[in-house]
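**Student:** Sharing a structure, written as structure tokens. Questions coming.
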Amino acid sequence: MTRIARGRFIVLVGIDGSGKTSLLSSLGTARLITSSWRDLRNHELPSVMAPDAPTAIKNRLTAVPRAMFIGGHIVAQYEYLVRPQLALGRDVLLDSYWYKVVAKERILGRLHPSLTELCELLPVPDAVIVLVTDPGVAFARKRGTPAPYEYFHQPVEEDFTRFQSRLRDQLDTALVGHPAVHRLDANRDFASVRASVAQLVDHPAAVAPRAMEPLS
């Protein structure tokens with residue numbers, strides 16, 4: 001029996017308002033599966049794993065349960081949305097993985113060491129595509145109504161851009177040393193950014209499968 005080659009695991013990251021959701025909804029094909037945490041709702045999991053308002057749940061939890069909630073959510077994304085598709089030979093483009101939520105927890109001073117330890121055990125993606133976006137541009141795309149967990153205290157431009165600037169720096173730090181990070185100017189029009197992402201995903205040399213240990 002011919003062994004099916006593993007698909008490639010690609011993560012799309014960027015600050016809030018960088019265009020990830022719009023790109024994911026337009027790039028999916030039979031070969032490229034695009035996913036985000038919202039897709040967990042399509043699987044038989046405890047409802048708490050894919051809630052409509054995960055930020056509200058996190059904010060009701062104390063430090064250790066909060067870390068467990070976030071960590072379980074990240075593992076579920078890999079186990080249900082990524083790993084089965086890779087085994088079928090399909091490529092997966094996943095929204096953010098653990099990078100953004102951990103960066104936000106660190107910015108807010110709520111990152112528990114257990115969550116950091118868990119993320120160090122997770123499979124490393126074959127490539128990461130970073131949407132480099134000016135926070136002011138991102139705020140305009142939000143039409144002045146950022147969601148909770150996208151700003152520090154108030155949903156106003158100054159607070160949003162300050163938070164997102166910190167987030168951008170934290171994402172850059174988290175990706176230091178990753179073997180395949182591709183940065184794209186996401187301040188451009190949507191069609192141009194989409195074309196750039198599609199070109200990267202379709203380029204075998206840009207996104208080459210790497211050795212990936214299963215979760216154990």
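**Student:** When the dipole is taken about the Cα centre of the chain, and only Lys, Arg (+1) and Asp, Glu (-1) are charged at their Cβ, what size is it in debye, to the nearest 20?
**Tutor:** I would put it at about 220 debye.
**Student:** So which residue, out of Gln77, Gln199, Gln85, gets the largest mean-square fluctuation from a GNM of the chain using Cα contacts under 10 Å as springs?
**Tutor:** Gln199
**Student:** Something else: Project the alpha carbons of the chain onto their principal axes and report the range along each, largest first, in whole Å.
**Tutor:** 58, 40, 33
**Student:** Normalised radius of gyration for region 32-88, please: alpha carbon Rg relative to 2.2 N^0.38 Å, two decimal places.
**Tutor:** 1.19
**Student:** Taking Cα centroids, how far is region 17-70 from region 127-180 in Å?
**Tutor:** Here the answer is 18 Å between Cα centres.
**Student:** Nearest 500 deg cm²/dmol is fine: what mean residue ellipticity at 222 nm does the chain get from its DSSP H runs of n ≥ 4 alone, each adding -39,500 (n - 2.57), divided by its residue count?
**Tutor:** -12000 deg cm²/dmol
**Student:** Okay, moving on. Over region 1-143, with the other protein chains present, what is the accessible area per residue in square angstrom, probe 1.4 angstrom?
**Tutor:** That works out to 46 Å² per residue.
**Student:** Can you send over the carbon and sulfur percentage of the accessible area for the chain, probe radius 1.4 Å, protein chains only?
**Tutor:** Using a 1.4 Å probe with all protein chains present, the chain comes out at 55 percent carbon and sulfur.
**Student:** As an exercise, use a Förster radius of 30 Å and the Cβ-Cβ distance of Glu158 and Leu122 to find the FRET efficiency, rounded to the nearest 0.05.
**Tutor:** 0.30
**Student:** Could you work out the relative contact order of the chain? I mean the mean sequence separation of Cα pairs under 8 Å and 6+ apart, divided by the number of residues, in percent.
**Tutor:** 31 percent
**Student:** What does the C-alpha gyration tensor say about the overall shape of region 122-189? Classify as rounded when a/c is under 1.5, otherwise prolate if a/b is larger than b/c, or oblate.
**Tutor:** Since a/c reaches 1.5 and a/b is larger than b/c, the shape of region 122-189 is classed as prolate.
**Student:** Let me ask another. When only Cα pairs under 8 Å and 6 or more residues apart are kept, what is the percent relative contact order across region 81-171?
**Tutor:** It rounds to 26 percent for region 81-171.
**Student:** Still on this structure, please answer the following. Which whole-number percent of Cα pairs in region 57-146 have a distance greater than 22 Å?
**Tutor:** 41 percent
The values are calculated or read from the model by the stated rules, or taken from the named source; none is laboratory data. Just so it is clear, the model here is predicted, and its values are computed rather than measured. Every residue, glycine among them, receives a Cβ derived from its backbone with ideal geometry; neighbour counts consider all protein chains shown. We work out accessible area using only protein heavy atoms, side chains counted, and drop any ligands, DNA or RNA first. Shrake-Rupley method; radii C 1.70, N 1.55, O 1.52, S 1.80 Å.
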